[in-house]
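The values are calculated or read from the model by the stated rules, or taken from the named source; none is laboratory data. For clarity, every value in this text was computed on a predicted model and none was experimentally measured. What goes into the accessible areas is simple: the full protein's heavy atoms, side chains included, and nothing from ligands, DNA or RNA. Shrake-Rupley method; radii C 1.70, N 1.55, O 1.52, S 1.80 Å.
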Amino acid sequence: MTAPIETTGAAAEAQPEAVLEGAGKGRIEGRSLGQIAWSRFKKDKVAVAGAVIVVLLIALAVLSRPLQALLGLDPNAFNQDLITPDTSLPKGSWGGMSADHPLGVDPKFGRDIATRVLEGSWVSLVVAFGATILSNVIGAIMGVIAGYYGGRVDNIISRLMDTFLAFPLLLFAIAISATLQGGAFGLNGLPLHLSVLIFVIGFFNWPYLGRIVRGQTLALREREFVDASRGMGAKGPYILFRELMPNLVGPIIVYSTLLIPTNILFEASLSFLGVGIQPPQASWGGMLREAVTYYQVDPQFMIVPGLAIFVTVLAFNLLGDGLRDALDPRSR
């Protein structure tokens, strides 16, 4: 037998530098996929800035009504003393900007623009988030069913997607919104307008996510964990919602952050055309519609809601790009 070799002091000092540096330290722990994605996301300063802006916008939208009540603000309060009678324009420069009205007042009525922008924020975000959730639910379910079962089921759902994508969505949304303005389903006023916009925008946008989920499912259904579930006797619904869906969360989140700004623009477009949110309820698109008459003599009235839409859409797009790179680094 060979005698054991004793390690001398010189031999210990000759150990590799990496071994010596790691001696006496704690165990190296593995990181989850979420932790890896978060570490990538933190390195993207532009995406982090977009996320901060998104959080602030959501906080302002959620606290819009409480802030108005706390500060005694009313987005529909008329201030005729701030309007020049013969021109219907705000008194003073820059649209009547002052300490009491930091963003000025609107022509003709003298309503505070800052308060109306704050009021319009929750309207835009409610419609955008509601429509996105509706699109995601329908698109994810239809896409995962089409991708997993394939065959005739896939053909039927795929042709249904093609049919929805062939609709002239803007014209269809205008027609439906204009038809239901008076009242429907026991609703009227603002609840009706919000419900119609969420339904129209969300219901006709689901095929985009459906195609993404279908393509991802076609690749996932051949993976080993799906074969293992089948081998253990798991049925289709269990595999769909317990095995495949958790692996589709990443693409769905990324698509959602990119769909929300699109829905904000869609809601603003419908309100601008007069078939979305109706006055006196404040909305960003409605404010732009009212500003068309005055933008040459009072550009402030158009710039403020336009900037609100621009900043919101840009922040969500930056956040979506950052999440896409963090969740799927191969997309870079």
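Things worth noting here:
- Residue among THR262, THR312, THR179 with the largest mean-square fluctuation in a Gaussian network model of the chain, springs linking Cα atoms under 10 Å: THR179
- Probing with 1.4 Å while keeping every protein chain in the model, the per residue accessible area of segment 30-141 equals 54 Å².
- Accessible surface ranking for LEU56, LEU169, 1.4 angstrom probe, highest first: LEU56, LEU169.
- For segment 160-175, 3J(HN,Hα) computed residue by residue from phi via the Karplus equation (6.51, -1.76, 1.60; θ = phi - 60°) reads 5, 4, 4, 5, 5, 5, 7, 5, x, 4, 4, 5, 5, 5, 4, 5 Hz, glycine and proline entered as x.
- Sum of -39500 (n - 2.57) over DSSP H runs of 4+, divided by residues of the chain (222 nm, nearest 500): -20500 deg cm²/dmol
- Protein accessible area in the chain, 1.4 Å probe - carbon and sulfur %: 65
- For q = 0.12, 0.14, 0.15, 0.16 Å⁻¹, Debye-computed log10 I/I(0) when each Cα of the chain counts as one equal scatterer: -0.95, -1.15, -1.25, -1.33
- Segment 249-332: equivalent-ellipsoid semi-axes (sqrt of 5 x gyration tensor eigenvalues, Cα, Å): 32, 14, 7
- Built amide H within the under 5 Å cut-off of ILE83, gap 5+: LYS91
- Along segment 51-60 the Karplus relation, 6.51 cos²θ - 1.76 cosθ + 1.60 evaluated at θ = phi - 60°, assigns HN-Hα couplings of 5, 4, 5, 4, 4, 5, 5, 5, 4, 5 Hz to successive residues, with x for each Gly and Pro.
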